[in-house]
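Report on one structure; see the data block that follows.
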Amino acid sequence: MNTISPVRQDRVRCRVAPSALALLESARQGLASAETEMTPSGRFVGAHLSALRAAAAIVAARAEPTPPRRRRPQSVWELLPKVEPTLSEWAAFFAAGAGKRAAAEAGLPRAVSGREADELLRDATTFVALAATALGVPAQSMLPLQEAM
């Protein structure tokens, strides 16, 4: 008979640094916030930043420390395929959308359409779920959204 409670079993299986879990939770909260954005730009930016945080969670959890060297900084989209090759296509996809996100953040009119924003929100939702799976984080172990007091 197994005497470990289901909650304890999840903790045993899921050994992810708290900083990575916080990034993953931030990604999830960002998606929830993006869903309520009224403007396409707001939805697009929120969705893209959520995907960026989820990717950062994986990189934070998996990256090996490297000796200090003088080299150019790398984006999370460049690092993600090195630590999780199965997400390489996702990294390329979101890296390609970084310029559009910058335009939307800058408030450029017609930077993104409603359709583009909605599609990116769906893609980012899928990616955040894949990131959680890649880290071995069960969906139910994610922190609940903070309720307004």
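Points worth noting:
- The set of residues from region 108-119 being touching a helix residue (DSSP H, G or I) at 6+ places or on another chain (Cβ under 7 Å), surrounded by fewer than 20 Cβ atoms within 10 Å (Cβ to Cβ) and not acidic (D, E) comprises S113, G114.
- The residues of region 59-109 that are under 14 Å from the mean Cα position of the chain (by Cα), of a type outside the set (G, A, S) and under 18 Å from L121 (Cα atoms), listed by number, are W77, L87, W90, F93, F94.
- The set of residues in region 96-119 that are aliphatic (A, V, I, L, M) and either touching a residue at least 24 places away in the same chain (Cβ under 8 Å) or under 13 Å from E37 (Cβ atoms) (or both) comprises A98, A104, A111, V112, A117.
- Count of residues meeting criterion [among the charged types (D, E, K, R) and surrounded by 13 or more Cβ atoms within 10 Å (Cβ to Cβ)] in region 50-77: 2
- Which numbered condition M38 fails, given (1) in a helix (DSSP H, G or I); (2) over 13 Å from the mean Cα position of the chain (by Cα): (1)
- R122 vs. criteria touching a residue at least 12 places away in the same chain (Cβ under 8 Å) and either crowded, with 22+ Cβ neighbours inside 10 Å or part of a helix (DSSP H, G or I) (or both): no
- Selection from region 37-49 of residues that are of a type in the set (D, E, K, R) and surrounded by fewer than 24 Cβ atoms within 10 Å (Cβ to Cβ): E37
- Residue match in region 125-137 (condition: surrounded by 14 or more Cβ atoms within 10 Å (Cβ to Cβ) and modelled with pLDDT under 90): yes
- Being surrounded by 14 or more Cβ atoms within 10 Å (Cβ to Cβ), modelled with pLDDT of 95 or more and farther than 21 Å from R43 by Cβ is a description that does not apply to P85.
- Residues of region 43-69 satisfying the condition of being farther than 14 Å from L135 by Cα and either modelled with pLDDT of 95 or more or touching a Ser or Thr at 6+ places or on another chain (Cβ under 8 Å) (or both): R43, F44, V45, G46, A47, H48, L49, S50, A51, L52
The values are calculated or read from the model by the stated rules, or taken from the named source; none is laboratory data. Here the structure is a predicted model, which is why all the values come from computation and not from measurement. Every residue, glycine as well, gets a Cβ built from its backbone with ideal geometry; the counts of neighbours run over all protein chains shown.
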